[in-house]
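K.L.:
First, the structure itself, so that you have it in front of you.
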Amino acid sequence: RPGTRYVRLTLVGGPPHARVGVSEFEVLNYLRDDLVLGADLSWVDDYQDRQYWVDPLAADPGAGPHLLDVVKDRGMQYSRLRIFNEPRNESTGEPTPVPRQGPDRSLQSARWIKQRNMGLGIDFHYADSWADPSKQPKPRRWAELEFNDLTRSVYDYTAGYLRRLTAQGTVPDKVAVGNEIIGVWDADPKLRASA
């Protein structure tokens with residue numbers, strides 16, 4: 001594609017002299033003008049007090065002091081924030097000492113993003129830690145709710161948080177309701193077979 005400098009595919013692991021096959025290989029060229037460059041930058045919440053510079057030892061250190069200044073300087077246009085209901089340690093289930101990537105702290109991250117005129121995406125995990133195709137745990141506060149109450153809680157939580165973002169002037173550009181959700185149809189072969 002136009003603008004591509006080089007492509008390198010590195011395979012690691014496997015026994016010596018093993019045959020390796022690649023079933024699919026796709027190049028996404030981030031140098032193209034018709035693509036928006038973005039990333040999940042939820043972890044900026046973890047480093048609220050650190051300073052970053054493009055060239056910290058130079059007389060003019062370049063973009064900074066915030067990490068978002070540096071990524072914007074490098075072409076980043078969009079940032080996604082994942083939102084955990086009540087951040088907990090994924091292994092122990094205990095509340096994290098600092099509720100990183102929780103609703104309250106993420107409000108500040110949203111302000112930083114919008115102050116830099118970057119696009120803002122919100123990714124509701126509807127969980128207290130990472131949710132993905134292999135695990136979709138309910139938040140502890142919702143674990144025992146019946147379906148109607150759970151539906152109302154999801155709605156109230158989502159609408160309430162979006163109101164908070166709007167009230168502080170950080171209306172999101174995109175919202176994902178759930179993270180990496182696989183439809184029941186796709187996930188359960190028995191349902192497909194019975195259709």
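Values in this text are rule-based calculations from the coordinates and carry no lab data. Please read these numbers as outputs of a predicted model, since none were measured by experiment. Positions of Cβ are generated from backbone atoms using ideal geometry, with glycine treated the same way; all protein chains shown enter the neighbour counts.
K.L.:
Taking 0.36 nm per residue of sequence separation and subtracting the Cα-Cα distance, how much length would be gained by fully extending the chain between ASP40 and LEU57, in nm to one decimal?
P.N.:
Residue separation times 0.36 nm, minus the Cα-Cα distance, leaves 3.3 nm.
K.L.:
Here's another thing I want to ask about it. In percent, what relative contact order does the chain have, based on Cα pairs under 8 Å that are 6 or more apart in sequence?
P.N.:
Relative contact order for the chain comes out at 17 percent.
K.L.:
Going toward the positive end of the dipole of the chain, with +1 on Lys and Arg Cβ and -1 on Asp and Glu Cβ, which of VAL12, LEU120, SER23 do you reach last?
P.N.:
Going by the charge dipole, the pick is SER23.
K.L.:
Taking every DSSP beta bridge that has both residues in the chain, what percent is antiparallel when rounded to the nearest 5?
P.N.:
If I count the DSSP bridges inside the chain, around 15 percent turn out antiparallel.
K.L.:
Further question on the same structure: When you count, for each residue, the other Cβ atoms within 10 Å and take the mean per peptide, how do 66-78, 151-163, 10-22 rank with the highest first?
P.N.:
Going by the mean number of other Cβ atoms within 10 Å, highest first, we get 66-78, 151-163, 10-22.
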